[in-house]
Amino acid sequence: MIKVGVIFGGQSVEHEVSVITGMQVIENIDKAKYEAVPIYITKEGKWLTGPSLADFKTYKEGNFKDTKEIIISPNRNDYNIYLHPEATGLFGKKIIDRLDVIFPALHGTYGEDGSIQGLFELMNIPYVGGGVLGSSVGMDKILMKDVYRAYNIPVVDYTWFYRTDWEVNKDKVIADIEEKLGYPTFVKPANLGSSIGISKAKDKEGLIKAIEIAVNYDRKIIIEKAVESPREINCAVMGYDNEVITSLCEEPLGWKEILSFEDKYVKSNAKGGKSSGERRIIPADISDEIRIQIEELAKKAFTVIDGKGTSRIDFLVDENNKVYVNEINTLPGSIGFYLWEGKGYPFGKLVSELIEIALKTHKEKNKNMYTYEANLFNRIQYGSKIK
C-alpha cells in the first residue's frame, strides 16, 4: 500500500478552497492502492495530522482536539512524519508515520508558488504537480506572461509595478498605465488565485480604487488591457515533458466581467444555487478550429514552464475569435476533475494517474548526478586560488 500525504490548508487567502480540494482528493483516492494520510496546515502555519482531518465536519466546527502537531524534515530521503518536539516527552514516540509520495492540494501563497515544492525537492520525495520553477512561474502572472510572450503564446497587453512604486509616486504609476493601456483594464495581484483582489477599472477613479485593493494582497501588481465581451474557455493539460494530453474544453457561464470567487466556489454550493453542471458547458460550444487552437496553446503553455501533473489553462476569446492565454493554474481547484471525466478519467482514476506521473518524474529526475568528486580541498590552501 502506497502512503500518500495529502497536504492542504496553508497560510493563504485560498485556505478554504484548499481544504475542499484536499477533502475531494482523500474521498476519491483509490483506497485499494493508496492510503491517504491527511496533513492539514493551519492558517497560523501549524502542521497537523490525524484521521479526523479526513472529515469535513472537523473544519466546519473548528475542532482539532483529536489531531497531532507534526513536522517534516528537509533531510534528503527522510520521508518520516515526526511528532512535534513540544508534543512528545523524553521517551515518547517521535516517528508516527512514513510517506511514499505527497499530493499537495494547496492553493495560492506558499503552496502553489514553488515554496513547498522546494521542501519536497530537498526531501527528494515524489510529489504531484509542478516543480519549483514551473510552480513559481505559473503563479507569478508577470513572469508567466513574459515567458509566454517569449514563446509567441498570445496574451493580452499588460504592464506592472511594485507596491513601493505606488507608495512613492501614484501619479507616475497612473500616467504610465494610461499611456500604455488606457481603459478599461483589469488590476490584479501578481501572485494570487481564485480571483481574489481583482477589479476592473473603467476610469482613473476606478483604477485608483482597484489598485488600493490589490496592493493589500501582493507587492507586485499587474494591469491588463480588458478584452471586451470575451468568452472564457478553459482547457486542462496532464502529463510531463512532451508527453501531454488535453482535457475537454469548458465554458463557464453566468459571470459578469470577472469570474469571481463567489462564481467559482460559492454559488453552486449555496442552498438553492445552481449545480456546477449548470454553471459551465462541457464540452464548450466552439468550432473545431478554435478548439484545436486552444488545445495546442494549452499544451505549449504547460510545457514551456516545465509543467507536471495537471494544470488548467484559462483562455479568453474575443469577438473576432482571437484567442489569448489568460493564465495557467498549476494546481487548479478540485484538480479540474470535471474536465477529465469526459476523457475517461473519473476523479479516482485522475488522482491515480497524477500519483503515477509523480513517481515517474521523480525517478527520471534522480537520473541526475548531484555530487562531483573534485578533490578541491586537497588542491588548495585556505585563502589561496586554485592552481
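The values are calculated or read from the model by the stated rules, or taken from the named source; none is laboratory data. All figures in this text were calculated on a predicted structure; none of them were measured in a lab. With ideal geometry, Cβ positions are generated from the backbone for all residues, glycine too; neighbour counts draw on all protein chains shown. When the accessible area is computed, the model is the full protein with side chains, heavy atoms only, and any ligands, DNA or RNA have been set aside. Shrake-Rupley method; radii C 1.70, N 1.55, O 1.52, S 1.80 Å.
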Going by the structure shown, is SER136 in contact (Cβ under 8 Å) with a residue 12 or more places away in the chain and farther than 30 Å from ALA190 by Cα?
no
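Can you tell me how many residues in the range 176-199 are open to solvent by 50 Å² or more (accessible area, probe 1.4 Å) and either within 29 Å of the chain's Cα centre (by Cα) or of a type outside the set (Asp, Glu) (or both)? Quick ask: steps written out before the conclusion?
Narrowing the range 176-199 to residues open to solvent by 50 Å² or more (accessible area, probe 1.4 Å): 178-180, 183.
After this cut, where a residue has to be either within 29 Å of the chain's Cα centre (by Cα) or of a type outside the set (Asp, Glu) (or both) as well, the list is 180, 183.
Final tally of qualifying residues: 2.
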In the range 142-155, how many residues are at negative phi and open to solvent by 10 Å² or more (accessible area, probe 1.4 Å)?
8
Flagged pairs (Cβ under 6 angstrom, 6 or more apart or on separate chains; first in the range 226-245, basic (Lys, Arg); second at pLDDT 95 or above and open to solvent by 80 Å² or more (accessible area, probe 1.4 Å)) are none
Counting just the residues of the range 209-250 that are touching a helix residue (DSSP H, G or I) at 6+ places or on another chain (Cβ under 7 Å) and either over 30 Å from VAL351 (Cβ atoms) or of a type in the set (Lys, Arg) (or both), which one comes out most open to solvent (accessible area, probe 1.4 Å)?
ARG219
Taking only the range 282-311 into account, find how many residues are open to solvent by less than 50 Å² (accessible area, probe 1.4 Å) and of a type outside the set (Phe, Trp, Tyr).
16
Among the numbered criteria (1) without any contact (Cβ under 8 Å) to a residue 24 or more places away in the chain; (2) in contact with an Asp or Glu (Cβ under 7 Å, 6 or more places away or on another chain); (3) polar (S, T, N, Q), which one does ASN152 miss?
(2)
Examine the range 13-20 for a residue that is touching a residue at least 60 places away in the same chain (Cβ under 8 Å), part of a loop (DSSP other than H, G, I, E, B), among the hydrophobic types (A, V, I, L, M, F, W, C) and touching a strand residue (DSSP E or B) at 6+ places or on another chain (Cβ under 9 Å), and state whether such a residue exists.
no
The range 335-387, residues that are open to solvent by less than 40 Å² (accessible area, probe 1.4 Å), within 20 Å of CYS249 (Cα to Cα) and among the hydrophobic types (A, V, I, L, M, F, W, C):
ILE335, LEU339, TRP340, PHE347, LEU350, VAL351, LEU354
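For (1) of a type in the set (D, E, K, R); (2) farther than 21 Å from SER311 by Cβ, each residue gets a yes or a no:
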residue: ILE72; (1), (2): no, yes
residue: ASP78; (1), (2): yes, yes
residue: VAL101; (1), (2): no, no
residue: PHE120; (1), (2): no, no
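Going through LEU119, LEU192, LEU133 one at a time, which residue ends up being of a type in the set (A, V, I, L, M, F, W, C) and assigned to a loop (DSSP other than H, G, I, E, B)?
Values: LEU119 fails: assigned to a loop (DSSP other than H, G, I, E, B); LEU133 fails: assigned to a loop (DSSP other than H, G, I, E, B).
Going through LEU119, LEU192, LEU133 in turn, just one is of a type in the set (A, V, I, L, M, F, W, C) and assigned to a loop (DSSP other than H, G, I, E, B): LEU192.
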Working only within the range 238-258, note down all residues that are closer than 15 Å to ASN326 by Cα and either at pLDDT below 60 or part of a strand (DSSP E or B) (or both).
CYS249, GLU250, GLU251, PRO252, ILE258
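So how many residues does the range 266-281 have that are open to solvent by less than 70 Å² (accessible area, probe 1.4 Å), farther than 20 Å from GLY344 by Cβ and at pLDDT below 55?
Final tally of qualifying residues: 5.
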Provide a single number: the residues in the range 22-35 that are open to solvent by less than 50 Å² (accessible area, probe 1.4 Å) and assigned to a strand (DSSP E or B).
1
The conditions are (1) modelled with pLDDT of 95 or more; (2) open to solvent by 30 Å² or more (accessible area, probe 1.4 Å), and ALA87 fails exactly one of them. Which is it?
(1)
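How do the strands (runs of 3 or more DSSP E) wholly within the range 36-102 filter down when requiring 1 or more residues that are under 25 Å from GLY131 (Cβ atoms) and free of Cβ contacts under 8 Å to residues at least 12 places away in the same chain: which remain?
Working: elements: 47-49, 68-72, 80-83, 95-98.
Ranges flagged: none.
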Taking the condition of being surrounded by 15 or more Cβ atoms within 10 Å (Cβ to Cβ) and either assigned to a loop (DSSP other than H, G, I, E, B) or of a type in the set (S, T, N, Q) (or both), how many residues in the range 318-334 meet it?
6
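One line per residue, one yes/no per condition, for (1) aromatic (Phe, Trp, Tyr); (2) more than 19 Å from the chain's Cα centre (by Cα):
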{"residue": "PHE8", "(1), (2)": "yes, no"}
{"residue": "VAL17", "(1), (2)": "no, no"}
{"residue": "GLN24", "(1), (2)": "no, no"}
{"residue": "LYS33", "(1), (2)": "no, yes"}
{"residue": "VAL37", "(1), (2)": "no, yes"}
